[in-house]
Amino acid sequence: MSRTIAIERFLTKSEDWVPVRPDQNYKQITARLWGKGLTLRGEVPGSAIAAARQYCAKAGQFLISRIDARHGAFGIVPEELDGALVSNDFPCFNIDASTVLPHFFEWYSRTPEFIDLCRRASEGSTNRVRMKEAKFLKMTVPLPSLDEQRRIVEKLDRVAALVDERRNAIEAAELETQALLLKAFQRAIDGATLRPMAEVAPLVRRPVEIDLDASYPELGVRSFGRGTFHKPDLLGADLSWQKLFLVQQGDLVFSNIKAWEGAFAVAGPDDHGRVGSHRYLTCVPTEGLATADFIWFYLQTSDGLGKVQSASPGSADRNRTLGQGALEAITVPTPPIGRQEWFDRLHAKACEARAIRASTAQDVEALIPAMLHEIFNGIPVAA
């Protein structure tokens, strides 16, 4: 596999321009970054397309983004995108299959070496970097024999099918776990009294007195129920008007500007002693009446999140603010504490299983890149 070939030897630019008709609908393509291929951007009427003519992409062609080629934005046009229109910023190339198998080239284009080739073929200032077509076509790539190309494709396709199968199994297990949790939660809250947060988990604010010589480890909360994260330390000398509030383990921590999209979490041991800005509201469950994890789970359900969203008015997403009074007025189900603790234990076991699946999923997703490295390692890098 020591031979190389200039890209221009097997890629020929397509000049299949078509007039855009205002009364006709057209598919459009978007190229995902880092070699993840092409997908449908949408379907629009010709009247919504500014250009009078565009390229007509054909299944099996290699399409590349001039602007984002250096970020791996390219791919082989799949059958479902045959006939889609693209602008001049997305040149399409026919592949000479007698020299390079399209599917082999598709696999090779997902390697870091090929993405680096595209980076080196791109020039321009920071905001106007473009792939230079002539330079790209002069680059060289490995050229195994056709038989070897077929063997490589068969091997990678076989593993890719196994990866897809495993990925689907992981996703199915996750959906089943979530469905079982919701069913168990409904059982736990059956007949439970609804009480306001002011009673169940009232707002507790712990103002921090700023020392100009001190530093303060800051806490953040991710949207969509994805937990807390740690921000860089804040220096007291850099703080002027900002107010900080102490967070303790077991607090329910709400981002008042992103709570409407699930940005609230239960502070864990690693979060204890960190600080949040005035944008973060902390609630402390009333002992014997509710647990933080139980309240969190309810507020992440469609019913609970709907209440948080209703308590976060605003004309635009960035202006949807959860007020303190509105938060304390939200009602949550409060079954007997023993029933809440039973569900919390069940939820904890589900989280453990989820963590194992997440680790497995990472291993699965890393398999194809590892195989690409193994297969193409030793082949001369693109030049």
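Worth a mention:
- Scanning segment 308-326 for residues that are in a helix (DSSP H, G or I) and surrounded by fewer than 20 Cβ atoms within 10 Å (Cβ to Cβ) yields 309, 310, 317, 318, 319, 324, 325, 326.
- Residues of segment 277-286 satisfying the condition of being at pLDDT below 95 and either open to solvent by less than 10 Å² (accessible area, probe 1.4 Å) or in a loop (DSSP other than H, G, I, E, B) (or both): 278, 279
- Of all residues in segment 220-255, those satisfying the criterion of being under 27 Å from residue 300 (Cβ atoms) and touching a Phe, Trp or Tyr at 6+ places or on another chain (Cβ under 7 Å) are 220, 221, 222, 244, 245, 252, 253, 254, 255.
- Single residue of segment 182-205 satisfying the filter (over 34 Å from the mean Cα position of the chain (by Cα), surrounded by fewer than 15 Cβ atoms within 10 Å (Cβ to Cβ) and among the charged types (D, E, K, R)) that is farthest from residue 297 (Cα to Cα): 199
- Among the residues of segment 122-134, those that are in contact (Cβ under 8 Å) with a residue 24 or more places away in the chain and farther than 8 Å from residue 70 by Cα comprise 129, 130, 133.
- Residues that are at pLDDT 90 or above and closer than 27 Å to residue 103 by Cα within segment 35-50 comprise 37, 38, 39, 40, 41, 42, 43, listed in sequence order.
- Residue count for segment 245-256 under the criterion of being in a loop (DSSP other than H, G, I, E, B) and either open to solvent by less than 10 Å² (accessible area, probe 1.4 Å) or at pLDDT 95 or above (or both): the result is 5.
- Some residue of segment 31-46 being charged (D, E, K, R) and crowded, with 18+ Cβ neighbours inside 10 Å: no
- Only one of the listed residues (267, 259) is open to solvent by less than 30 Å² (accessible area, probe 1.4 Å), in contact with a helix residue (DSSP H, G or I) (Cβ under 7 Å, 6 or more places away or on another chain) and in contact (Cβ under 8 Å) with a residue 40 or more places away in the chain. That residue is 259.
- Residue within segment 227-234 that is of a type in the set (A, V, I, L, M, F, W, C), surrounded by fewer than 17 Cβ atoms within 10 Å (Cβ to Cβ) and modelled with pLDDT under 95 present: no
- Scanning segment 32-56 for residues that are of a type in the set (Gly, Ala, Ser) and within 20 Å of the chain's Cα centre (by Cα) yields 35, 37, 42.
- Only residues that are acidic (Asp, Glu) and closer than 20 Å to residue 323 by Cβ were counted across segment 231-255, and they come to 1.
The values are calculated or read from the model by the stated rules, or taken from the named source; none is laboratory data. Note that the coordinates shown come from a computational prediction; the quantities given were computed from them, not determined experimentally. Here Cβ is always computed from backbone atoms with ideal geometry, including for glycine, and neighbour counts include all displayed protein chains. To get the accessible areas, we keep the full protein, side chains included, count just its heavy atoms, and leave off ligands, DNA and RNA. Shrake-Rupley method; radii C 1.70, N 1.55, O 1.52, S 1.80 Å.
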